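Notes for the one structure printed next.
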Amino acid sequence: MTMLASSSSTARPSRTRGEFSADSIVVGQSARMRAVFDFVRVIADSDSSVLITGETGTGKEMIANLIHHSSSRRHRPFVAVSCAILSETLIESELFGHERGAFTGAIKDRPGRFELAQGGTIFLDDVDDVPLSMQVKLLRVLQNRTIERLGGVRAIPVDVRVITGSKRDLKELVKEGKFREDLYYRLNVIPIVLPPLRDRREDIPALVEHFIIRYFRQRGEDPAPISPAVMRALTRYSWPGNVRELENACERVAQTCTCGHVRVGCIPASVLFHQSADEGLEPTLVTPEPQTVAVSLDDRLRDVEVNLITWALRSCGGNKSKAAELLKMKRSTLGDRIAKLGLDHLEAPHAAPHAGEPVQGSDGESDVPA
Ligand SMILES: Nc1ncnc2c1ncn2[C@@H]1O[C@H](COP(=O)(O)OP(=O)(O)O)[C@@H](O)[C@H]1O
Ligand SMILES: [Mg+2]
């Protein structure tokens with residue numbers, strides 16, 4: 001499998017991708033992600049351990065999968081295990097398997113994930129959650145390249161490339177005495193750091209497009225055009241849950257958007273409400289950019305309405321009465337418009353911003369139908 005650096009076409013911005021199956025495309029055009037893709041290509045065929053560090057949702061498993069599918073092991077299994085969800089006692093049996101009778105409930109022999117990954121790659125995610133007692137066993141496996149099933153006596157050779165994922169800096173955990181130094185060096189032969197999404201915002205538009213297309217297609221529909229105002233709002237948000245959060249937001253947008261265009265009103269309130277302190281609260285009215293295509297006045301007016309109501313509700317922490325005052329209209333009329341425009345999610349109490357947190361102003365530009 002090759003990694004593709006697709007060239008730009010006239011219609012779309014250039015995009016760099018790592019691709020390993022029809023529906024598993026790693027999107028990223030930022031310099032930092034391009035560097036990761038280049039690096040993956042270089043190290044794919046080595047058998048050395050890889051440690052991928054990055055906040056949760058940055059794509060660690062995806063990159064591990066890409067490494068596997070870029071390597072000569074790609075016709076053998078890729079096995080991913082999260083060490084976070086496994087209790088201490090379960091990890092050992094899960095990773096190394098057990099023989100019948102090894103413990104109560106072990107009614108038959110069962111191979112562990114290492115054996116299942118034979119000839120391929122194992123991805124141990126959340127390795128920072130592996131308890132010290134288990135770390136020593138893991139180290140032994142990496143040194144000897146053999147495993148022993150729980151309750152077993154045989155050493156079973158395993159030919160498996162080990163990739164680990166960590167959301168914390170393992171070096172720091174070593175300093176704190178929570179992670180074995182020897183294991184750290186074993187795992188960290190090839191380090192890869194995945195930056196959080198807020199440090200590579202250039203990737204956001206391509207990711208949004210990728211996810212929106214995917215979810216609309218899943219619904220059997222043509223993807224709705226995404227307005228520039230939506231892209232700006234999504235690009236400004238800090239995405240603490242990284243790509244996973246963005247993916248979920250796009251899924252919700254695709255589920256709820258029935259208006260034919262993805263507009264600001266379709267974005268989850270949690271995303272709209274978030275704002276960096278230096279952004280103003282003023283709604284700005286829109287002067288259309290010089291157009292060569294027709295502009296629908298109704299669409300324009302609707303967008304202005306969405307922007308102003310969104311701005312007012314945000315400015316008032318979702319309080320409808322106060323927002324109505326700000327817009328110089330009756331509360332009931334505002335209520336009707338909110339319902340009509342599908343902006344209910346911006347109303348308090350569900351959508352009230354955290355106390356003391358500034359709320360975001362209007363995006364200030366209309367959603368020009370594409
Ligand atoms: N660069 C990317 N391109 C496309 N999808 C991505 C990208 N990075 C992450 N994702 C998607 O985001 C979600 C979280 O990624 P994952 O690899 O599980 O993150 P992590 O292991 O760091 O928590 C997955 O559904 C994955 O498909
Ligand atoms: Mg993960």
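The values are calculated or read from the model by the stated rules, or taken from the named source; none is laboratory data. This one's a predicted model, so the numbers in the text were calculated from it and none came from an experiment. Using ideal geometry, Cβ is built from the backbone for each residue, glycine included, and neighbour counts are taken over all protein chains shown.
In this entry, LEU150 passes the filter for residues that are touching a Ser or Thr at 6+ places or on another chain (Cβ under 7 Å) and surrounded by 12 or more Cβ atoms within 10 Å (Cβ to Cβ).
For the residues VAL130, VAL162, the requirement of being within 16 Å of ligand 2 (Cβ to nearest atom), touching a residue at least 60 places away in the same chain (Cβ under 8 Å) and of a type outside the set (Asp, Glu) singles out VAL162.
What helices (runs of 4 or more DSSP H) lie completely within region 165-272 and have 2 or more residues being within 12 Å of ligand 1 (Cβ to nearest atom) and surrounded by 15 or more Cβ atoms within 10 Å (Cβ to Cβ)? Lay out the reasoning, then the answer.
Values: elements: 170-175, 181-187, 203-218, 228-236, 242-256.
Because the criterion is at least 2 residues that are within 12 Å of ligand 1 (Cβ to nearest atom) and surrounded by 15 or more Cβ atoms within 10 Å (Cβ to Cβ), the helices (runs of 4 or more DSSP H) in region 165-272 that meet it are 203-218, 242-256.
Within the bounds of region 79-86, is there any residue that is part of a loop (DSSP other than H, G, I, E, B) and surrounded by fewer than 17 Cβ atoms within 10 Å (Cβ to Cβ)?
Keep residues of region 79-86 that are part of a loop (DSSP other than H, G, I, E, B), which gives 83-86.
This time we only want the ones that are surrounded by fewer than 17 Cβ atoms within 10 Å (Cβ to Cβ), so: 84-85.
Yes: region 79-86 contains one or more residues that are part of a loop (DSSP other than H, G, I, E, B) and surrounded by fewer than 17 Cβ atoms within 10 Å (Cβ to Cβ).
Criterion applied to ARG244, ARG214 was being within 16 Å of ligand 2 (Cβ to nearest atom) and closer than 20 Å to GLY57 by Cβ, and the one residue passing it is ARG244.
Only one of the listed residues (ARG113, ARG100, ARG145) is on the phi > 0 side of the Ramachandran plot and either more than 16 Å from ligand 1 (Cβ to nearest atom) or at pLDDT 95 or above (or both). That residue is ARG145. Could you tell me how many of the residues in region 167-212 are in contact with an Asp or Glu (Cβ under 7 Å, 6 or more places away or on another chain), of a type in the set (Val, Ile, Thr) and either touching a residue at least 24 places away in the same chain (Cβ under 8 Å) or more than 19 Å from ALA84 (Cα to Cα) (or both)? The total comes to 0.
This table checks each residue for (1) farther than 12 Å from THR164 by Cβ; (2) in contact (Cβ under 8 Å) with a residue 24 or more places away in the chain; (3) not assigned by TED's automatic domain parsing to the domain that holds GLN143; (4) not β-branched (Val, Ile, Thr).
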residue	(1), (2), (3), (4)
THR58	yes, yes, no, no
GLU61	no, yes, no, yes
LEU66	yes, yes, no, yes
ARG73	yes, yes, no, yes
ARG76	yes, yes, no, yes
CYS83	no, yes, no, yes
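Look at (1) modelled with pLDDT of 95 or more; (2) of a type in the set (Asp, Glu); (3) part of a strand (DSSP E or B) and you find that GLU61 fails only one, number (3). Of the residues in region 45-79, how many are within 15 Å of ASN188 (Cα to Cα) and more than 16 Å from ligand 2 (Cβ to nearest atom)? So the count comes out to 4.
So, in region 81-97, exactly how many residues are within 16 Å of ligand 1 (Cβ to nearest atom) and modelled with pLDDT under 90? Spell out how you get there, then give the answer.
We begin by selecting, within region 81-97, every residue within 16 Å of ligand 1 (Cβ to nearest atom); these are 81-86.
Now drop any that are not modelled with pLDDT under 90, which leaves 84-86.
Of the residues in that region, 3 qualify.
Within region 88-105, the set of residues being among the hydrophobic types (A, V, I, L, M, F, W, C) and under 19 Å from ILE156 (Cα atoms) comprises ILE91, LEU95, PHE96, ALA102. Scanning region 32-53 for residues that are in contact (Cβ under 8 Å) with a residue 60 or more places away in the chain, under 21 Å from the mean Cα position of the chain (by Cα) and surrounded by fewer than 20 Cβ atoms within 10 Å (Cβ to Cβ) turns up ARG32, PHE39. Looking at the structure I just gave you, is GLU176 among the acidic types (Asp, Glu) and closer than 15 Å to ASN242 by Cβ? No, not satisfied. From the residues in region 87-110 that are of a type in the set (Val, Ile, Thr) and outside any loop (DSSP other than H, G, I, E, B), which one is nearest to LYS60 (Cα to Cα)? Of everything passing the filter in region 87-110, ILE91 is nearest to LYS60 (Cα to Cα).
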